[in-house]
1. For Gln263, all conditions in the list (1) surrounded by 14 or more Cβ atoms within 10 Å (Cβ to Cβ); (2) more than 27 Å from Met127 (Cα to Cα) hold save one; what is the number of the exception?
2. From the list Gln178, Gln216, which residue is closer than 24 Å to Ser84 by Cβ and outside any strand (DSSP E or B)?
3. Scanning for something within 17 Å of the chain's Cα centre (by Cα), part of a loop (DSSP other than H, G, I, E, B) and crowded, with 22+ Cβ neighbours inside 10 Å, does segment 220-233 turn up at least one residue?
4. Sort out which residues of segment 102-146 are surrounded by fewer than 24 Cβ atoms within 10 Å (Cβ to Cβ), farther than 17 Å from Arg249 by Cα and in contact (Cβ under 8 Å) with a residue 40 or more places away in the chain, and write them in order of number.
5. Going by the structure shown, is Gly72 crowded, with 17+ Cβ neighbours inside 10 Å and either at pLDDT 95 or above or of a type outside the set (Val, Ile, Thr) (or both)?
6. Tell me, which residue of segment 22-69 that is of a type in the set (A, V, I, L, M, F, W, C) and over 20 Å from Leu280 (Cβ atoms) is modelled with the lowest pLDDT?
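The values are calculated or read from the model by the stated rules, or taken from the named source; none is laboratory data. Predicted model only: the values in this text are computed from it and were never measured. All Cβ positions, even for glycine, are placed from backbone atoms using ideal geometry, and neighbour counts span all protein chains on display.
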Amino acid sequence: MPPFTSHGTSIICADQYEISATIYTPHSTPEQPIKGAVLIGPATGIKQQFYANFASYLCENNYGVITFDNRGIGNSKKDKLKKSDASLQCWGEKDMPAVLEQLKTSFPDTRYHLIGHSAGGQLVGLMHNAMELSSIFNFASSSGQLKNMKMPYFIKAHFFMNLFIPLCNTLFGYTQSQWLGMGEPLPKAVGQQWREWCNGEGYVKQAFGKTVHCHQYDTLSIPSMWVNAVDDDIAIDANVLDMQSVFSRLKPETLTLSPENYQLDEIGHMKFFSKKAKVLWPHALNWLERFSYQSV
């Protein structure tokens, strides 16, 4: 029998929107109780299945885990995408808080952690219940600020953000991001906010006082680890620092990975969660162990 079980579920957000999630439950015992519970925050346009192997790894090490699809993505897509009013902001304000509440219900009386991938770490400050997290471990989470990117990726990024996104939204009513290998097709407002936020400093900070009027970026002070890779063209050091600066009370720890140090061909922006990069996963597990009940 495997050391855990997993099952799909539906989560009802505060606005009654239903999103799809998967819960991974370890076979804990009184002698080996659950160590904690982890919310895996996905990158923009990335489906929950992408994180299945990584979630299984955490569960095998006695952590409860939940993965999910943001509204408009994967199994959380309703009707035609061009009818979706989903945005990056509502992913952080509505979807992620609801998933955390489900995590608490599924795994009561333990500590809760976020492992964020790109947007999954950027948006945590929009969660009204973010203070209930005991720690944050982010991979490739940065402001994605375009002006900091280096050639030749600088050209590709500007093309995608400032030409491709607005053109797609005009022609189709949503962003055909899959055409350029940028995840699933995106609701129009997601593409628009992604473009706006990456064209300025501090990512979501661009929306403060405009559409974002209540957030936790100035109050979160929990432990956080920010991991990036030397071969990531997006989450470069300058952009990781730019994103960290939005969290005014965090004292972040940082780690930069080099693929050659782990006999890997690449890590980049996505490969940390690949089964082929399993050699990297102890970095996340060791972080969680520092804040589990058993380490107190």
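1. All conditions are met except number (1).
2. Values: Gln216 fails: closer than 24 Å to Ser84 by Cβ.
Just a single option satisfies the conditions, and that option is Gln178.
3. Yes: one or more hits.
4. Gln102, Lys104, Ser106, Phe107, Thr110, Arg111, Tyr112, Gln145, Leu146
5. On the way: crowded, with 17+ Cβ neighbours inside 10 Å: yes; either at pLDDT 95 or above or of a type outside the set (Val, Ile, Thr) (or both): yes.
Considered against the rule, which asks whether it is crowded, with 17+ Cβ neighbours inside 10 Å and either at pLDDT 95 or above or of a type outside the set (Val, Ile, Thr) (or both), Gly72 comes out as yes.
6. Filtering segment 22-69 down to residues of a type in the set (A, V, I, L, M, F, W, C) leaves 23, 34, 37-40, 43, 46, 50, 52, 54-55, 58-59, 65-66, 68.
Imposing the further condition that a residue be over 20 Å from Leu280 (Cβ atoms) reduces the set to 23, 34, 37, 66, 68.
Values: Ile23: 98, Ile34: 93, Ala37: 97, Ile66: 98, Phe68: 98.
Restricting to residues being of a type in the set (A, V, I, L, M, F, W, C) and over 20 Å from Leu280 (Cβ atoms), the top hit is Ile34.
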